[in-house]
1. Reachable lysines from residue 125, Cα under 18 Å, same-chain residues fewer than 8 places away excluded?
2. Fewest to most neighbouring Cβ within 10 Å: what's the order for 27, 45?
3. Below 25 Å, Cα to Cα, which lysines can residue 8 reach? Residues fewer than 8 away in the same chain don't count.
4. Over segment 119-228, calculate the relative contact order: mean separation of alpha carbon pairs under 8 Å at least 6 apart, over the residue count, as a percent.
5. Under a Cβ-Cβ cut-off of 14 Å, what is the net charge of the residues other than residue 37 that fall near it, where Lys and Arg count +1 and Asp and Glu count -1?
6. Between segment 1-37 and segment 156-228, what's the alpha-carbon centroid distance in Å?
7. Could you list 129, 71 so that the one with the fewest beta carbons within 10 Å of its beta carbon is first and the one with the most is last?
8. Can you pull out the trypsin sites (Lys or Arg not before Pro) in segment 148-230 that DSSP calls coil and that have at most 11 other Cβ atoms within 10 Å?
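Just so you know, all these numbers are worked out from the coordinates, no wet-lab data involved. This is a predicted model, so every value here is computed, not measured. As a convention, Cβ positions derive from the backbone with ideal geometry for all residues, glycine included, and neighbour counts pool all protein chains shown.
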Amino acid sequence: MTKDPRDKEEEFIAGLALDTGRDLAAWMALIDAQTFAHRNDMIDWLRRQNLTFAKASRLERIHHNGGRPMYGERPAEREPVAGQRPPATATAAPPSASLPLVPLVQPAPAPAPPEPADLATFLAKAKGYRPLAEMLIRTIQTNVAATALAVHESHIDLAAPALFGAIAVTAKDVRLALDLGDVPFEGELKRLKWPGMAPSLTHTIVLSDARKVDRALMLLVTAAAARANS
């Protein structure tokens, strides 16, 4: 039987100590001792503590929820965890309600580098998906400062300054490749199989809807940029 989001969260919390050497309360205390300008900075820091992106992202969401599980406690099922902080609100909100829409970076970003003169010609191949491709590029440049574009015949390289991703377009969809190392290939995150790509680019996501250019996607993008430039 497929597990619901609450079951998955409870399984994650129960296995934290065994998997990482720290229980939830210890991780919340360790995060509290740090200073992060933005929530994606916390993700990057947790990744440097040898956590997978999935575990780091879940811990970030729980911390933002006052150190309490995103889906709340099942009534009368367990006692409060020692050392945990009280919830930020009386009723825990579902994850989608606590996550802001992109862009992630609230302060005005540094001016993006000028677009290559041949970018328009490249994007013309996207036909009806051209607005989606342009939105994806703008959102990436907002969240990863000074992202430079290098246009090739089959794709656009993304670098800041090291290569961290690439974009390909067709009349059917827009595809984003990223340098994500050992992040699991699951859901819409697939193994990259484009010919001629840099070996550092490992994962790909197919986009056909502007709603997919969201905070979750930008967390992947910023994680790739941080990995490529570490």
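1. Here the lysines satisfying the reach criterion relative to residue 125 are 172.
2. Working: 27 23, 45 18.
Sorted ascending by nearby Cβ count, the order is 45, 27.
3. Candidates past the 8-residue exclusion: 55, 190, 212.
4. Numbers: 179 pairs, mean separation 29.6, N = 110.
Taking the mean separation of contacting Cα pairs over the length of segment 119-228, I get 27 percent.
5. Values: positive: 39; negative: 41, 44, 60.
Neighbourhood net charge equals -2.
6. 26 Å
7. On the way: 129 21, 71 18.
With the fewest neighbours first, 129, 71 line up as 71, 129.
8. Details: sites: 172, 175, 190, 191, 193, 211, 212, 215, 227; in loops: 172, 193.
Sites meeting the loop and neighbour criteria: 193.
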